[in-house]
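Reading through the structure tokens given below for one structure.
The values are calculated or read from the model by the stated rules, or taken from the named source; none is laboratory data. Please read all numbers here as calculations on a predicted model, not as lab measurements. Glycine also receives a Cβ, built like all others from the backbone with ideal geometry; neighbour counts cover every protein chain displayed.
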Amino acid sequence: MRIILKNFRLVDEDTDMRGGVVIENGVIAEILPASGDCQIEKDAALVIDGSHFCGDALPVLMPAFVDLHAHFRDSGLTGKEHELPSEVLESASLAAAAGGFTTVVCMANTKPVTDTFEKAASIRARCDALGLVDLYPVISLTKGMEGKEISEITALPSLNRTKDGVSIPLMLSEDGKDLADDDLFLAAMREAKRIGIPISCHCEFGGEEAEASKKAGQPRKTWSRIEENNATRRAIELGKKAGCHIHIAHVSTKEAAEAIRHAKAEARQRHGLHGDFILTCEAMPHNLCLTEETAEKLGGESWGRVNPPLRHEDDRQALIRAVADGTIDAIATDHAPHRNADKETGSPGFSAFETAFAAAFTELARPCAPTAKPVIDLKRLSFLMSANPARLIGLGGDAGRGRILPGMRADLVIVDTERSWNVNPAAFKTRGKNSPFAGMEIFGKILMTFREGRMVFCA
């Protein structure tokens, strides 16, 4: 089936031009110039003309977004996304598609914990049946996330192979339960190197220093900073020993950002010294846009609580600099839906799919005045939300996703970057109505999302 999208502003990591695309059988078959040949439309099953969308300004056609960090609530976590597994996946998948995401890595902190290949494959198969997004469940590093014994990752084949015909997970993680035992952590890292996939390190283990801070009654913002900073440095050093790919999740402090920047510079200078060691990291829109003042207004131990916490303005500015200088490799969501009652009693996390692009665009890439220069341009934002995340998990090849090129998968999103909207969590597709952006005006409205050339969301 042929689908034509014409008269758009095409933007990916390398492109910013007026044109269109031809989609055939779920793949981008051709890039159309601004004044395309009308003859090509004759056999098309569907033609979408961007000039009919947004008045004078053309809507933006971008690669759909790739999220390296989300939480899809599964069976056992009743009342989170919903009670039934199929509806858990349905509501979360709808929310992802509404946010422009078609590829999502979901964490293993389900009940039961996703610690076997069979559990991960089951979740993915049920999501595939919905056809809205590609879901890649991670497998935990240890059985039951108990930090005692390595999980089934020891039985996984190496990268680019399958087990019983099903693709293996593309990332490993212990979520927020960093392994306290250095030897066990190092053994898990060596398994990750053997398999050929990254470990997402959430960096929430601060050792004796953090425990002393807690016992002294210091506030969360103090001891959580110690946890993140110490755990970041520890993960980097162990990663060097293992020679594996370490991905630091949700960076939020200026110290962690600087430690990552320094380690990357050292790795470049001493290429090959630590074997195949690779260091990447992600930041979240809420940490790039908001501060602890927002959290306190919402309720520091209720609606404003997230792990890691919203930080000081100095930390936020440090993250923005890290985006600008290339220290940050990806923007992810940490989508974590909760019932209202759970947020009231302190469950950490925000529903983030449906605001992620607009919040990041508004803060980083939107020219807010004729003479104002954004932190990054829209091409760089596409790099951070599409092309580079796809590469980091092995999905960015010539026939992969994340760019607008012939032969790439037609995972695309149409965005009106001129349109502002007020965040109303009650209208979210996810059943978790917890957003720190509630009531705020942000720019960049997702109009349509396509997965393999099939429309999975329309505003």
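Note on the stretch 192-212: residues that are at pLDDT below 95 and in contact with a Ser or Thr (Cβ under 7 Å, 6 or more places away or on another chain) amount to 3. Of all residues in the stretch 148-177, exactly one satisfies the criterion of being assigned to a loop (DSSP other than H, G, I, E, B), modelled with pLDDT of 90 or more and touching an Asp or Glu at 6+ places or on another chain (Cβ under 7 Å), namely 151. A single member of 46, 61, 5 is surrounded by fewer than 17 Cβ atoms within 10 Å (Cβ to Cβ), within 24 Å of residue 94 (Cα to Cα) and at pLDDT 85 or above, and it is 46.
Take the conditions (1) surrounded by 24 or more Cβ atoms within 10 Å (Cβ to Cβ); (2) closer than 18 Å to residue 454 by Cα; (3) in contact with a Leu (Cβ under 9 Å, 6 or more places away or on another chain); (4) at pLDDT 95 or above; residue 127 misses just one of them, which is (4). All told, residue 381 falls short of being surrounded by fewer than 24 Cβ atoms within 10 Å (Cβ to Cβ), at pLDDT 95 or above, under 30 Å from residue 32 (Cα atoms) and in the same structural domain as residue 71 (by TED's automatic domain parsing).
Checking the condition farther than 29 Å from residue 220 by Cα and surrounded by 22 or more Cβ atoms within 10 Å (Cβ to Cβ), which residue from 395, 412, 405 passes? The unique qualifying residue is 412. Do we have any residue at all in the stretch 241-253 that's small (Gly, Ala, Ser) and in contact (Cβ under 8 Å) with a residue 60 or more places away in the chain? Within the stretch 241-253, one or more residues are small (Gly, Ala, Ser) and in contact (Cβ under 8 Å) with a residue 60 or more places away in the chain.
This table checks each residue for (1) more than 18 Å from the chain's Cα centre (by Cα); (2) of a type in the set (A, V, I, L, M).
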position: 368; (1), (2): yes, no
position: 373; (1), (2): yes, no
position: 390; (1), (2): no, yes
position: 430; (1), (2): no, no
position: 436; (1), (2): no, no
position: 444; (1), (2): no, no
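Residues of the stretch 196-236 that are surrounded by fewer than 19 Cβ atoms within 10 Å (Cβ to Cβ) and assigned to a loop (DSSP other than H, G, I, E, B): 196, 216, 217, 218, 219. Only residues that are aliphatic (A, V, I, L, M) and in contact (Cβ under 8 Å) with a residue 60 or more places away in the chain were counted across the stretch 425-437, and they come to 0. The sole residue among 257, 265, 318 that is part of a helix (DSSP H, G or I) and crowded, with 24+ Cβ neighbours inside 10 Å is 257.
Filter the stretch 322-345 down to the residues that are under 17 Å from residue 359 (Cα atoms), modelled with pLDDT of 95 or more and touching a Ser or Thr at 6+ places or on another chain (Cβ under 8 Å) and list them by number. Matches in the stretch 322-345: 330, 335.
Scan the stretch 178-194 for residues that are in a loop (DSSP other than H, G, I, E, B) and surrounded by fewer than 17 Cβ atoms within 10 Å (Cβ to Cβ) and the total you get is 2. Can you work out which of the residues in the stretch 400-434 that are assigned to a loop (DSSP other than H, G, I, E, B) and of a type in the set (S, T, N, Q) is modelled with the highest pLDDT? If we take residues in the stretch 400-434 being assigned to a loop (DSSP other than H, G, I, E, B) and of a type in the set (S, T, N, Q), then 424 is modelled with the highest pLDDT. Here the condition is being touching a residue at least 24 places away in the same chain (Cβ under 8 Å), among the aliphatic types (A, V, I, L, M) and within 24 Å of residue 420 (Cβ to Cβ); of 352, 336, it holds for 352 alone. For the list (1) buried (at least 22 other Cβ atoms within 10 Å of the Cβ); (2) out of contact with any helix residue (DSSP H, G or I) (no Cβ under 7 Å at 6 or more places or on another chain), I need the number of the one condition that residue 422 fails. It fails just one condition, (1). Just one of the listed residues (89, 77) is in a helix (DSSP H, G or I), surrounded by 14 or more Cβ atoms within 10 Å (Cβ to Cβ) and modelled with pLDDT under 90, namely 89.
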